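Single-structure report; data block below.
Nothing in this text is a laboratory measurement; each read-out follows from the coordinates by a stated rule. Quantities reported herein were computed from a predicted structural model and do not represent experimental measurements. Cβ sites come from the backbone with ideal geometry, for glycine too, and all protein chains shown count toward neighbours.
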Amino acid sequence: MLDYAAVFIFALTGALVASRAQLDIVGFLFIGALTAVGGGTLRDMILNRDQVFWVADPMMITVACVAAILVFFTAHLLESRLKAIEWLDAAALSVAVPAGVGAALATGQSWGVVLIMGVITGCFGGLMRDVVCNEVPLVLKKGQLYVTAAFAGSAVAVLVLETGGRTGLALLACAGATFVLRAGALMFGWQLPVYRSRPPRA
Amino acid sequence: MLDYAAVFIFALTGALVASRAQLDIVGFLFIGALTAVGGGTLRDMILNRDQVFWVADPMMITVACVAAILVFFTAHLLESRLKAIEWLDAAALSVAVPAGVGAALATGQSWGVVLIMGVITGCFGGLMRDVVCNEVPLVLKKGQLYVTAAFAGSAVAVLVLETGGRTGLALLACAGATFVLRAGALMFGWQLPVYRSRPPRA
Amino acid sequence: MLDYAAVFIFALTGALVASRAQLDIVGFLFIGALTAVGGGTLRDMILNRDQVFWVADPMMITVACVAAILVFFTAHLLESRLKAIEWLDAAALSVAVPAGVGAALATGQSWGVVLIMGVITGCFGGLMRDVVCNEVPLVLKKGQLYVTAAFAGSAVAVLVLETGGRTGLALLACAGATFVLRAGALMFGWQLPVYRSRPPRA
């Protein structure tokens, strides 16, 4: 379930970026699917699972395609596509991070690896989308708390598990922590101090 | 055989892009090999095959290197390198897509996965070449029918197989459909309607 | 040991690039870790090893994080971060290439594959760092002998092994050859002739 939701919402963001790049319908499908399954694919390849999740369940790809088609016919109704991308991406991140944590737990990894898999599953789909479409990666934009939210969410999940909490609770807390941090950054400009002891170089 | 041909032609396109970036001979080899085996490597990693195709058969890399060296000494004879890149890339795409479809069939995947593997094998080598060399990805350029051609070719292969056709025929039809669509886009400007309900944003 | 050293030094370069991009501490960790383990992760996925090296030994990630934090608090002491990045990257390359060669030998690959794994392990971490941070990839900059040094180092290792030398000696010679070439390029501007029969195109 978590996987389906994350795939659907990430595909929406990918298709919205495709609309900004004025691609055709197949471009929407391509970028939508890349964003939707990119992070989880990398996770599964690194964990060397028998099958990447969408090879085991191709319905995942169908879900991503439905999302991309939906955006192709409705994106013009949005007032600000950039805002929609940011908020949908925040929602997708909050679902993808616990999905990644859950997948890592299912293969019995140590907590350090579980933590990293949450971050990878959450961040790399959007990172691939932005690199391919030549947008500044959200991951790197200042004052976004992007990786930080994914990292904190994963850490919360690990904490809950280590203190004896059940998996379901851990994933719920993970989603909540991720969303609150990311939403705080979007709404109130929450951020960590950035490195700025000198002006940037060319 | 299909694999060798796709590797050779994609390596030619990679080396031509390297010539536009004025790299040295090792740069030609690097970009040529990356383009040549990038898509198939990703395919094999996702399918979790025992060995990536060029690890099983390092002659593949040799073929790519021969192509890169050939271009290093002859690229100046071309009148338009950009045109040559586009047409060679179209040829490589028409060979790589059926190669990907064939590889996926050999591991007994469902037709949805077969379709996607055709697209991945065809499109990601060129995509990596363009991202690394900082060119606008051909995959995303308007009016190129790039992913569309790969997608349609894969779909034709699946259709032929599902209606009882033999594998050889399916791969041939796949190559033909891919090339016709891509060549039509290059020669006659065929394209799908693009998303353009609003001006692009910065 | 080689792996730890390569991870540490590459993480330093990644964190320095993060400082040029004015990221926050989590950004330092993210780019540092990506640079540190990117090349080796790709190597292990291509070789289909049972476990990616840092999944088998998560201490690797800790080492990368220590390096990133170190840079976060000391980067302002450097006179030229660009110079520091180049020299540290040269050191990391000289350690990562033999590490990659060693890993490929351990899985019993043919010498062609061993050679390529040296290049991949050495070059792709830095390449991912530069692509994600939108810097011109060092791999592609003119007059850097970057891939060339990695390639020559790997070739030296293969040569030593093929002529009956022991593994330890081969890896040492590999590190030496890589560093000498890269340092020569940085200090004396050594380079291979570049392809330049025509002006570059837009």
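Over all Cα atoms in the stretch B:31-113, the spread is summed up by Rg and Dmax: 14.9, 46 Å. Once the convex hull of all Cα atoms in the protein assembly as shown is built, its volume per residue stands at 150 Å³. Distances between equivalent label points of C:Lys142 across the copies, with each point positioned 7 Å along Cα→Cβ, amount to 3.3, 3.3 nm, shortest listed first.
Out of C:Thr163, C:Ala64, C:Val37, whose Cα points farthest toward the positive end of the dipole of chain C (charges: +1 Lys, Arg; -1 Asp, Glu; placed on Cβ)? Farthest towards the positive end: C:Thr163.
Taking the label point 7 Å along Cα→Cβ, C:Pro193 and its counterparts in the other copies are spaced 5.5, 5.5 nm apart, in ascending order.
Put a point 7 Å out from Cα along the line to Cβ at A:Ile69; what are the distances to that point in the other copies, in nm, shortest first? Distances between equivalent label points, in nm: 5.0, 5.1.
The value given for the stretch C:2-188 is a Kirkwood hydrodynamic radius of 16.1 Å, derived from the mean inverse Cα-Cα separation. From least to most packed, judged by other beta carbons within 10 angstrom and beginning with the fewest, A:Glu86, B:Glu162 follow the order B:Glu162, A:Glu86. Ordered by the number of other Cβ atoms lying within 10 Å of each residue's own Cβ, fewest first, C:Ser110, C:Ser19 fall into the sequence C:Ser110, C:Ser19.
Taking the beta-carbon count within 10 Å as an exposure proxy, list B:Leu16, C:Leu159, A:Leu88 from fewest neighbours to most. Intermediate values should be presented prior to the final figure.
Values: B:Leu16 26, C:Leu159 15, A:Leu88 21.
Ordered by Cβ neighbours within 10 Å, fewest first: C:Leu159, A:Leu88, B:Leu16.
Per-residue Cβ counts within 10 Å, from other chains only, averaged over B:11-23: what number is that? Could the numbers behind the result be given before it?
Values: counts 0, 0, 0, 0, 1, 0, 0, 3, 7, 5, 5, 9, 9.
Rounded to a whole number, the mean comes out at 3.
Residue and distance for the chain B Cβ closest to the axis that moves B onto C, in whole Å, come to B:Met45, 3. Per-residue shielding of C:114-126, expressed as the average number of other chain Cβ atoms within 10 Å of the residue Cβ, stands at 1.
Kindly flag which residue pairs out of C:Lys83/C:Lys142; A:Lys83/A:Lys141; B:Lys142/C:Lys142; A:Lys142/B:Lys141 have an alpha-carbon separation exceeding 26 Å in this structure. Walk me through the intermediate numbers first.
Values: C:Lys83/C:Lys142 16 Å; A:Lys83/A:Lys141 14 Å; B:Lys142/C:Lys142 31 Å; A:Lys142/B:Lys141 29 Å.
In this structure, B:Lys142/C:Lys142; A:Lys142/B:Lys141 exceed 26 Å between Cα atoms.
For the stretch C:96-202, the Cα-based Rg and Dmax, in that order, read 15.1, 50 Å. Helices in chain B, meaning DSSP H runs of at least 4 residues, each add -39500 (n - 2.57). Divided by all residues, the mean residue ellipticity at 222 nm is -25000 deg cm²/dmol. When both the stretch A:31-72 and the stretch B:15-76 are represented by their alpha-carbon centers, they are found 27 Å apart.
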